[in-house]
Amino acid sequence: MSRIVTRFAPSPTGYLHIGNLRTALFNYLIARKSGGEFVLRLDDTDQERSKQEYVDGIQQDLDWLGLHWDRIEQQSKRLDRYAQAADRLRSDGRFYECFETPGELDLKRKKQLNMGRPPVYDRAALNLEDAARERLRAERAGYWRFLLDQTRIEWVDGILGPLSIDAASVSDPVLIRADGQVLYTLASVVDDMDMGITHIVRGSDHVTNTATQIQIIEALGGTAPAFAHHSLLTGAQGEALSKRLGTLSLRDLRAQGVTPAALLSLMARLGSNQPVELRLTLDEIAEGFDLSQFGAAPTKFDMQDLWPLTRADLQARPYEAVADTIAGIGVPDPMARQFWDVARENITRLDDLEGWWSLCRDGAAPEIAPEDAEFVAKALAMLPPPPYGP
């Protein structure tokens, strides 16, 4: 068997969110478990929306989680290679120029739906006379579609099992926009071929896209990698997740005190038939990871499930792992280890230590219900003099 090579290909147009993490983690674990290679590939062909701050943020989030890549690639540096692939598709008759405006395409779709037909592009551009094509080129920039073979596209999915899509039910995909921007479908195919990607795990919303990509790969003389499509995450109530929902961005989860081990342990099991259990290292997580144990049904993600795991992770840490944090909140060295032994059982986030140190240092005014005042007074009077032992 050839060496497994996987990739995570985020677009640096925003910060990573919990849905991105699922894709990144699955691809990372497959590579790690097999001793293969994990590629971080930045889908940054949209130069207007891609920002360096998001590139930095993606790398910071993956570093925080320990999902270290073996190499990094940027699609913006490979535009010449995509142009070569486009030229080959043109010369082979698999690429054709179209001129419809978004409004014209929308009108076509509405007419097809009203007639009870699927809203599939009608390939009108293929039937243009040369004179008409030249006239349209003078009026507007054309965009380019891949000419699908209208056959049935079949593959065995690593999670969903045998899949089959009739290419006649799918529009010929646009691969290059009128402004010249190479779209994901073409860039991804060329990259997967050139970079030797053997396995691709991504969300189930890519299933139709996978079918068209298989044909593009074959048209370019390549062999399709193994595909697996995981279920999509929903919120705790079944609502759709948005990558712009800040509370579910990885940077915000980190700021709230969630630990990497808690997050990875949950995401590596969520949606599978295995119980969620805290695993403290990526090797432990990878050891029990098995794509075949995941299902197709939408998977609910509840942020509250992270707190018991974070709590267990923190409580398992030796004093040496938190010594700098304890020193940073002002606990004197002679008391630091004993303070950790007492406080560790009472925290959910590491930041909770500061409140416990304030309590130990300054005390607190008791809040006693009036009906309990007499009982508490008698109990305090019966205490022996301090100091008190365990």
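Residue-level check: of (1) at pLDDT 90 or above; (2) closer than 26 Å to Ile30 by Cβ, Gly295 misses just (1). Look at Ile72 and say whether it is free of Cβ contacts under 8 Å to residues at least 60 places away in the same chain, part of a helix (DSSP H, G or I) and in contact with a Leu (Cβ under 6 Å, 6 or more places away or on another chain). Against the criterion (free of Cβ contacts under 8 Å to residues at least 60 places away in the same chain, part of a helix (DSSP H, G or I) and in contact with a Leu (Cβ under 6 Å, 6 or more places away or on another chain)), Ile72 does not qualify.
Mind checking which helices (runs of 4 or more DSSP H) fall wholly inside the range 271-390 and carry at least 2 residues that are surrounded by 12 or more Cβ atoms within 10 Å (Cβ to Cβ) and touching a residue at least 24 places away in the same chain (Cβ under 8 Å)? Let's see the steps before the verdict.
Details: elements: 282-287, 306-315, 319-328, 333-343, 352-362, 373-381.
Where helices (runs of 4 or more DSSP H) fall fully within the range 271-390 and carry at least 2 residues being surrounded by 12 or more Cβ atoms within 10 Å (Cβ to Cβ) and touching a residue at least 24 places away in the same chain (Cβ under 8 Å), they are 282-287, 306-315, 319-328, 352-362.
When we screen Leu25, Leu67, Leu21 for residues that are in a helix (DSSP H, G or I), modelled with pLDDT of 95 or more and over 29 Å from Trp144 (Cα atoms), the only hit is Leu25.
Check the range 79-97 and report whether any residue there is touching a Phe, Trp or Tyr at 6+ places or on another chain (Cβ under 9 Å), touching a residue at least 60 places away in the same chain (Cβ under 8 Å) and either more than 30 Å from Asn127 (Cα to Cα) or of a type in the set (S, T, N, Q) (or both). No, the range 79-97 contains no residue that is touching a Phe, Trp or Tyr at 6+ places or on another chain (Cβ under 9 Å), touching a residue at least 60 places away in the same chain (Cβ under 8 Å) and either more than 30 Å from Asn127 (Cα to Cα) or of a type in the set (S, T, N, Q) (or both).
Looking at this structure, is Glu48 more than 25 Å from Glu239 (Cβ to Cβ) and outside any loop (DSSP other than H, G, I, E, B)? Answer is no for this residue. When the range 102-118 is limited to residues that are in a loop (DSSP other than H, G, I, E, B) and without any contact (Cβ under 8 Å) to a residue 40 or more places away in the chain, the one that is surrounded by the most Cβ atoms within 10 Å (Cβ to Cβ) turns out to be Arg117.
Looking at Leu253, Leu175, can you tell me which residue is farther than 22 Å from Ala296 by Cα and assigned to a strand (DSSP E or B)? Please lay out each step first, then the result.
Details: Leu253 fails: assigned to a strand (DSSP E or B).
On inspection, the qualifying residue turns out to be Leu175.
Listed conditions (1) loosely packed, with under 15 Cβ neighbours inside 10 Å; (2) of a type in the set (S, T, N, Q); (3) touching a Leu at 6+ places or on another chain (Cβ under 9 Å) are all met by Thr212, apart from (1).
Quick check on the range 123-131. Is at least one of its residues acidic (Asp, Glu) and over 36 Å from the mean Cα position of the chain (by Cα)?
Yes, that holds for at least one residue.
Between Thr185, Thr212, the distinction of being in contact with a Pro (Cβ under 9 Å, 6 or more places away or on another chain), within 19 Å of Ile153 (Cβ to Cβ), in a helix (DSSP H, G or I) and free of Cβ contacts under 8 Å to residues at least 40 places away in the same chain belongs to Thr185 only. Annotation note: of Pro298, Pro308, Pro318, Pro332, the sole residue that is in contact with a Leu (Cβ under 7 Å, 6 or more places away or on another chain) and within 30 Å of Pro260 (Cα to Cα) is Pro298. Determine which single condition Arg81 fails, assuming it passes every other condition in (1) modelled with pLDDT of 95 or more; (2) surrounded by 17 or more Cβ atoms within 10 Å (Cβ to Cβ). Tallying (1) modelled with pLDDT of 95 or more; (2) surrounded by 17 or more Cβ atoms within 10 Å (Cβ to Cβ), Arg81 fails exactly one: (2).
The values are calculated or read from the model by the stated rules, or taken from the named source; none is laboratory data. The shown structure was predicted, so the numbers you read here are calculated from the model rather than taken from an experiment. Please note: Cβ atoms are built from the backbone with ideal geometry, for glycine as well, and neighbour counts cover all protein chains shown.
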